[in-house]
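Structure record follows, encoded as structure tokens.
The values are calculated or read from the model by the stated rules, or taken from the named source; none is laboratory data. All figures in this text were calculated on a predicted structure; none of them were measured in a lab. In this analysis, Cβ positions are derived from the backbone assuming ideal geometry, glycine residues included, and neighbour counts consider all displayed protein chains. To get the accessible areas, we keep the full protein, side chains included, count just its heavy atoms, and leave off ligands, DNA and RNA. Shrake-Rupley method; radii C 1.70, N 1.55, O 1.52, S 1.80 Å.
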Amino acid sequence: MAFRKKSTKNPPVLSHEFILQNHADLVACVGMFFVLGLMFEGTAEASIVFITLQHSVTFPAAEERATESKFLYYYGIKDLATVFFYMLVAIIIHATIQEYVLDKINRRMQFPKAKQSKFNESGQFSVFYLVSCIWGTFILISENCLSDPTLLWRAHPHNMMTFQMKFFYISQLAYWFHAFPELYFQRTKKQDIPRQLVYIGLHLFHIAGAYLLYLNHLGLVLLMMHYFVELLSHICDLFYFSDEKYQKEFSLWAIVFILGRLGTLIVSVVTVGFHLAGGQNRNPDAITGNVNVLAAKIAVLSSSCTIQAYITWNLFNVQLQRWMEEDTTLQAPSVKKKRTKGRSSRKGTENGVATSNRVDSPHKRKEKSS
């Protein structure tokens, strides 16, 4: 995510540089085709598939006084079209934040090129994690998951989702899918691409797994815990980029990081244990949400433990690299001082010998004359 400098020269249309500079406008034009399709009767049905949530089921009102029917959703093949449209929206929002916020801060702070890409990455993720944490917490409160934690394993009906729950997962999948073309749009360095692909792929794997297995409430709780730790991490990085003295705050974030990883493991074990231990279904069917089998237990728990171990290992590697960089920066001035001291002492001795020779030479001349 390098810092883009706008050149005064206009590149050729549809060239490599033209696409990089105007990719947000091009994507916005593609999205407008779907929006304009709603205005015509022949294309309205196709456009609705991309813009609105699909696979809804209408339930009558449970109470006599309630007049409005309740809509619940399940997943299907049409969700891919919805994810694609909101992926375009995510690309537009990404470019807007980059151009009107992050680029202006980069110009004002005058970061070196090595810090510009990291600053842009932390800035983008900070906005995304902040919005996701607020949105996800609101969903947990509205669906009483915080007041009644047993809903994590006894949500009814188990193969249905509310509108806000499904829209949250669709938005999450769209954001992480948009990260793939952003590697090209933001001119990511080749050595950073493998790390980014692993990071994006792990998020997509776990979000899609919770969505397809109808572990929506469990996945949302784990995402909120993970996003909060990541949000704190990127905020610390932003402060560190502005002033390196904030590096001392890393110890506080490390404590929160460890607590977040432990909390994630505890919630995963407890929820999966209660959700799948009540009885095992001999005829599993992922379409109806019947995944109460031993294989599902092992898959969910092993996946959760693996991702926590991987993230913790990356933390240790990053911290070790920072410690090594600090050691090299501290040792470099001391080596230079020693070298300057050695050179000055050598010069002093040489000057002393030269002066003594200069002083002794007249006496020697007198002795020789005598």
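Kindly sort Asp25, Asp148, Asp103 by accessible area of their heavy atoms, largest first, with the probe set to 1.4 Å. Display every interim value, and only then the final one.
Numbers: Asp25 95, Asp148 50, Asp103 5 Å².
Largest accessible area first, the residues go Asp25, Asp148, Asp103.
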If amide H atoms are built 1.01 Å from N in the plane of the peptide, which residues on other chains or at least 5 residues away come under 5 Å of the amide H of Phe71?
Phe59
Going residue by residue through the range 190-203, the Karplus relation 6.51 cos²θ - 1.76 cosθ + 1.60 with θ = phi - 60° gives ³J(HN,Hα) values, rounded to whole Hz and with x marking Gly or Pro, of 4, 6, 8, 5, x, 5, 5, 5, 5, 4, 5, x, 5, 5
Distance-filtered residues of the range 86-105 - backbone nitrogen under 17 Å, label point 7 angstrom along Ala208 Cα→Cβ
86-88
How much of Tyr211 can a 1.4 Å solvent probe reach, expressed as accessible area in Å² and rounded to 10?
10
Euclidean distance between Cα centres, the range 166-235 to the range 105-123, Å:
22
What's the local net charge at Ser126, with K and R +1, D and E -1, over the other residues with C-beta under 13 Å away?
-2
Calculated SAXS-style log₁₀ I(q)/I(0) at q = 0.13 Å⁻¹ - the range 126-234, Debye, Cα scatterers:
-0.52
